[in-house]
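Report on one structure; see the data block that follows.
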Amino acid sequence: MGLKIMQNQKQTLMKKTISYLGFLFLMFNIFFYSTPLNAYPFWAQQNYESPREATGKIVCANCHLAQMPTIAEVPQSVGADSVFKAIVKIPYKSDLKEIGADGSDVPLQVGAVVMLPEGFKLAPQERWTEEIKEETEGVYFSNYSDEKENIIIVGPLPGDSNKEIIFPVLSPNPSVNKEYHYGKYSIHVGANRGRGQVYPNGDKSNNAVFTSSSSGFINEIITNEDGTLNINIKGENGDISTEVLPIGSQIIVKENDEINSGDALTSDPNVGGFGQLDKEVVLQSPVRVIGLIAFFIGVGLTQILLVLKKKQVEKVQAAEGI
């Protein structure tokens, strides 16, 4: 028995050590190897009071232009002051690579935002079950802002190991805080995989298709020292216009090709995208649950009494020879 306890303690220590080293590795990458795109959630937080516009669109779609499916699972109903799991699934093909900001191939990263109703919030860690702690290991949650505790964001995270993200949510207690009430609520979910096509300042990233702004013939294609490309286009009147393409662009044209304004100069490198959906959850009143149980008990007793009464009538009829 003592040997088994020592083995369990050793395994627990190893898990904690691996988790700590993973955290240090993540922080090292964020501080020393992060690109401007990794800061997208922060840009949204700085520029939008709420991540959901009046039209219902989540602002992540302003930079991540491609659409991809997102799946969310929440309980049909939850009790007051209870912890439940909101599960966000971000499907895409495993081991998929995309073009990085430096032009190299990099693994996809994922992120998600869950907009809970007022009163709902991220559950405090002391109320997480052992199962939730296991499922959220290596995932770091943050609130959209100090005033928006009901909006939780996650990411960027390595995509291949985080295609399913568990959000531990704490429901409000209307019996204690009269500001909230029992009933049906909407939950808005958005999830992204891969880099965006537009930077927050409106410029295109190298993860987008670049098109020609003028018509004519491609006069010259110049590769610059920093890896960017200059495509000189000669118009009918002899004027030269230059298209500047970022590092990593895969051009699909060559010198002397004739092109029109709006024609693609590069292939589409994007393999990711953003998706959003709405779910509903019912904050169930314990009084209603007790009432429903009492109703079922009443129906059951009524059926039993009817069966007993029927048998009694049958016995009387049999005794009277009817």
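Couple of notes before you dig in:
- Cross-link partners of Lys178 among lysines, defined as those whose alpha carbon lies under 18 angstrom from its own and excluding same-chain residues fewer than eight positions apart: Lys121.
- For the stretch 43-81 versus the stretch 197-275, the spacing of their alpha-carbon centroids is 32 Å.
- Between Ser142 and Thr242, the FRET efficiency from the beta-carbon distance, with R0 = 41 Å, is close to 0.45.
- Label-point gap, in nm, between Glu49 and Phe217 - each point 7 angstrom along Cα→Cβ: 5.7 nm
- Eligible lysines near Lys57 by straight Cα distance, threshold 21 Å, same-chain separation 8 or greater: Lys89, Lys148, Lys204, Lys279
- Partner aspartates and glutamates for Lys97 [C-alpha distance under 19 Å; skip if fewer than 8 residues away on the same chain]: Asp105, Asp160, Glu164, Asp268
- Once the C-beta distance of Tyr199 and Val313 is scaled by a Förster radius of 56 Å, the resulting FRET efficiency is 0.10 to the nearest 0.05.
Throughout, read-outs are computed from the coordinates displayed, never taken from laboratory work. This structure is a prediction, so every number in the text was calculated from the model and none was measured. Backbone-built Cβ (ideal geometry, glycine too); neighbour counts: all protein chains shown.
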